[in-house]
1. Alpha carbon centre of the range 179-194 versus the range 126-175: separation in Å?
2. How would you classify the range 199-239 from its alpha-carbon gyration tensor, with a ≥ b ≥ c the square roots of the eigenvalues: rounded for a/c under 1.5, else prolate if a/b is greater than b/c, otherwise oblate?
3. Sort out for me the Cα centre separation of the range 211-273 from the range 89-117, rounded to whole Å.
4. Can you pull the percent of Cα pairs in the range 69-183 with separation above 22 Å?
5. If each residue's Cβ is checked for other Cβ atoms within 10 Å, how do 182, 253 rank with the fewest at the top?
6. Would you mind ranking 191, 212, 168 so that the residue whose beta carbon has the fewest other beta carbons within 10 Å leads the list?
7. Can you compute log10 of I(q)/I(0) for the range 202-302 with the Debye formula, treating each Cα as one identical point scatterer, at q = 0.13, 0.20, 0.21, 0.24 Å⁻¹?
8. Would you compute, for the Cα atoms of the range 126-282, the largest minus smallest coordinate along each principal axis and list the three values in descending order, in whole Å?
């Protein structure tokens, strides 16, 4: 099952994960842009999206990116765009952001193609892969963020408002290694501390502020391998989510934003972008007590 069919299911409880995979194989349709029913329902009920809450601005002199509008519950088509061979997801499902201490000025082009007009067409696949295609803010201008010369994150200016988009996959669904993803994000440079949250991201369970320990966690992520999961393993992931065994690993960044991954310690898997990665035993040895004794309420199923 490719990233387009998966599309970040690890972020939500989804008992129909395997059936979705089988359906995608049978139809050969690109379903990556659609929110799954379970995902949409969970987000609507819980009032969150991939990013859990309005981001707090750090009280520092470093450049800041602050969220200006609440997280909207995802519904219908996922807010994504294609640029330079990568698929980006709009952070906080298209919330507006403000840049302080820096200004996105270097132009990267304009979003020209509307994916919404192509989704579901028998011959629409080729257009869904085009650079500068998007499901949101079509006509918006793309800009480089000065602190992200790798373009892991880019700014989108649309109707005088800025939005933030972040790499989640390659457009052609080629696998991204953990090293590729982490190097592109430059997480080691940007991270301030780590919080372990419950799955939906509204309760802090543990935190790690020691910088050496934080870097050790990131080093451990570098050793993870891209997971090629069987249907049985997808079932195990969905089961772990529904049983309260999946947690949000939140990397708080120096610019006031954060990056979120989903981790299931029991299965030794973690999500980075739209892909799953298998964690090594050494990762958990290095993490100390960070993932031990975690408890959370089991998520309701609707």
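Nothing in this text is a laboratory measurement; each read-out follows from the coordinates by a stated rule. These numbers come from a predicted model, not from an experiment. Reconstructed Cβ throughout: ideal geometry from the backbone, glycine too, with neighbour counts over all protein chains shown.
1. If you average the Cα positions of each part, the centres end up 19 Å apart.
2. Because a/c hits 1.5 or more and a/b fails to exceed b/c, the range 199-239 counts as oblate.
3. So the two Cα centres are separated by 26 Å.
4. Counting pairs separated by more than 22 Å, the tail of P(r) holds 32 percent.
5. 182, 253
6. 212, 191, 168
7. So the normalised log intensities are -0.48, -1.16, -1.27, -1.56.
8. Dimensions of the range 126-282 along the principal axes of its Cα atoms: 44, 38, 28 Å.
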